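Input: a single structure, listed below in structure tokens.
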Amino acid sequence: MSRIPIGIVLNGVTGRMGYRQHLVRSLLAIREQGGLPSRDGSLIWPEPVLVGRNADKLAQLAQRHGLTEWTTDLDAALARSDVQIYFDAQVTQQREKAIRAAIDAGLHVYTEKPLAEDTDAAVALCRAARTAGIKHGVVQDKLFLPGLRKLKRLVDGGFFGRILSVRGEFGYWVFEGDWQAAQRPSWNYRSADGGGIVVDMFPHWQYVLEQLFAPIRSVQATIATHIPSRVDEAGQAYEATADDAAYGTFELEGGIVAQINSSWAVRVRRDELVEFQVDGTHGSAVAGLRECHVQHRGTTPKPVWNPDLPVTEPFRAQWQAVPDNEPFDNGFKVQWELFLRHVVDGADFPWDFAAGARGVQLAELGLQAAREGRRIEIPALDL
């Protein structure tokens, strides 16, 4: 069977997400399965070109996985005649310039979120990509989590009746770095370096809420820096200037109210690191990364509040697990496959730069709402 080689410039591949999720678990996994079938039966074959700032790390990665193409010169990589796609997994501050260079080089662009540091820049990238006639996409991996795919199945099947509310809890304790090493990089906690949980997570909540339930019409938020001092990778103490927790309320079209707490200063007593509870007139569901449980109105018990007696209701046992009903692959890999088919076959791919710009907008307005202590309506973007 013939192959369709697709050269892909991977910038920022030495970082955790760029390496683990996008290179190893996505592109190399596609190669390991023998390629990706295209519409005409040929196999789409990713050919990674690794790009980063550290030549030694790039050489080690390439050798570890039997790859030969790597460089610290982004311009040279973009100028290659055998590449068709540029992918960006750098820190956000470096992203806009690199994406513009890729657009100017005529490459299709797929990128981690957030698309840019602010809404104006994100909108400008969207317009530039459309003018250039390239295909463009933004990673929206949470949509492909098994738990949220089951939740989407329930929404599409009308399980909830009229949806009333969505409650989300996300986060875990990130160690301060003194007596145990932090499990997130130190730049996440410095606003000057593009850090902050609002910038990181609100773009996720934007596409989750919009694509599972309804467009977001307004945002309110309270943010905090609960841990004011941390210790970096070199063992040096530094001031944490970025928010490490955000408590957001989002009003959705149709009267749905969503509340999502995001925190890197919370200890987990949930089944999964992120959980969403959806309540509707006909039923409720709780979905996490992989699992989803439901309670229909016909099987809903009638609890009675009595603080003088111990709890006798087995509340968790009263919910029913939603079956898989289909195999679930790695979410990053699934979206990569969709983007590759978008490039090769012209298949639909709705998660474009416009979707990415809406995520940046929500984060920006969320921070503004927190600073000003008010509810802010979300205007339509002029795209």
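The values are calculated or read from the model by the stated rules, or taken from the named source; none is laboratory data. No experiment lies behind these values; they were computed from the predicted model shown. Heads up, the Cβs are rebuilt from the backbone with ideal geometry, glycines too, and the neighbour counts pull from every protein chain shown.
Contact map, the stretch 129-147: residues that are under 22 Å from Leu107 (Cβ atoms) paired with residues that are among the β-branched types (Val, Ile, Thr) and assigned to a helix (DSSP H, G or I), Cβ distance under 7 Å, separation 6+ or inter-chain. Pairs shown: Ala129/Ile103; Ala132/Ile103; Ile134/Ile103; Lys135/Val343.
In the stretch 20-50, of all residues being of a type in the set (Ser, Thr, Tyr) and either touching a helix residue (DSSP H, G or I) at 6+ places or on another chain (Cβ under 7 Å) or crowded, with 22+ Cβ neighbours inside 10 Å (or both), the one that is nearest to Leu74 (Cα to Cα) corresponds to Ser26. When Thr312 is tested against (1) under 18 Å from the mean Cα position of the chain (by Cα); (2) among the polar types (S, T, N, Q); (3) not assigned by TED's automatic domain parsing to the domain that holds Gln33, just one condition goes unmet, and that condition is (1). Tell me whether the stretch 202-213 contains one or more residues that are surrounded by 15 or more Cβ atoms within 10 Å (Cβ to Cβ), β-branched (Val, Ile, Thr) and not in a helix (DSSP H, G or I). Looking through the stretch 202-213, none of the residues is surrounded by 15 or more Cβ atoms within 10 Å (Cβ to Cβ), β-branched (Val, Ile, Thr) and not in a helix (DSSP H, G or I).
Can you tell me which residue among Thr92, Thr71, Thr119, Thr111 is of a type in the set (Ser, Thr, Tyr), at pLDDT below 95 and either closer than 17 Å to Ala355 by Cα or more than 26 Å from the chain's Cα centre (by Cα) (or both)? Break it down stepwise before answering.
Numbers: Thr71 fails: at pLDDT below 95; Thr119 fails: at pLDDT below 95; Thr111 fails: at pLDDT below 95.
Among Thr92, Thr71, Thr119, Thr111, only Thr92 is of a type in the set (Ser, Thr, Tyr), at pLDDT below 95 and either closer than 17 Å to Ala355 by Cα or more than 26 Å from the chain's Cα centre (by Cα) (or both).
Is it the case that Glu272 is acidic (Asp, Glu), out of contact with any strand residue (DSSP E or B) (no Cβ under 8 Å at 6 or more places or on another chain) and farther than 30 Å from Phe87 by Cβ? Outline the logic, then answer.
Details: acidic (Asp, Glu): yes; out of contact with any strand residue (DSSP E or B) (no Cβ under 8 Å at 6 or more places or on another chain): yes; farther than 30 Å from Phe87 by Cβ: no.
Judged against the criteria, Glu272 is not a match.
Being within 18 Å of the chain's Cα centre (by Cα) and over 22 Å from Ala116 (Cα atoms): is that true of Leu209 here?
So Leu209 fails the test.
The condition of being farther than 30 Å from Leu367 by Cβ and either in a helix (DSSP H, G or I) or assigned by TED's automatic domain parsing to the domain that holds Val198 (or both) holds for only one of Leu50, Leu58, that being Leu58.
Can you tell which of Gly235, Gly137 is in the same structural domain as Glu337 (by TED's automatic domain parsing) and of a type outside the set (S, T, N, Q)? Break it down stepwise before answering.
Details: Gly235 fails: in the same structural domain as Glu337 (by TED's automatic domain parsing).
Testing whether each residue is in the same structural domain as Glu337 (by TED's automatic domain parsing) and of a type outside the set (S, T, N, Q) leaves just Gly137.
If a residue must be small (Gly, Ala, Ser) and over 10 Å from Phe87 (Cβ atoms), how many such residues does the stretch 14-25 contain? Before the answer, list the steps.
So in the stretch 14-25, the residues small (Gly, Ala, Ser) come out as 15, 18.
Within this subset, residues satisfying the condition of being over 10 Å from Phe87 (Cβ atoms) are 15.
Selection size over the stretch 14-25: 1.
Please tell me if His282 is on the phi < 0 side of the Ramachandran plot and in the same structural domain as Gly171 (by TED's automatic domain parsing). When the stated conditions are applied, His282 passes them.
Just one of the listed residues (Ile30, Ile85, Ile44, Ile99) is of a type in the set (A, V, I, L, M, F, W, C), farther than 30 Å from Glu364 by Cα and under 22 Å from the mean Cα position of the chain (by Cα), namely Ile30. Filtering the stretch 51-67 to residues that are over 17 Å from Arg20 (Cβ atoms) and surrounded by 12 or more Cβ atoms within 10 Å (Cβ to Cβ) leaves Arg53, Ala59.
A search for C-beta distances below 7 Å between a residue of the stretch 164-182 that is in the same structural domain as Ile227 (by TED's automatic domain parsing) and any residue that is charged (D, E, K, R) and crowded, with 21+ Cβ neighbours inside 10 Å, counting only pairs 6+ apart in sequence or on different chains, returns Glu176/Arg230; Gly177/Arg230; Ala182/Arg230.
Residues in the stretch 161-201 that are at pLDDT 95 or above, aromatic (Phe, Trp, Tyr) and either crowded, with 21+ Cβ neighbours inside 10 Å or closer than 23 Å to Asp118 by Cα (or both): Phe170, Tyr189.
For the stretch 310-326, check the following and say yes or no: at least one residue is charged (D, E, K, R) and either surrounded by 12 or more Cβ atoms within 10 Å (Cβ to Cβ) or within 30 Å of Leu36 (Cα to Cα) (or both). Yes: one or more hits.
Scanning the stretch 326-363 for residues that are of a type in the set (Asp, Glu) and either outside the structural domain of Met17 (by TED's automatic domain parsing) or part of a loop (DSSP other than H, G, I, E, B) (or both) turns up Glu326, Asp329, Asp348, Asp352.
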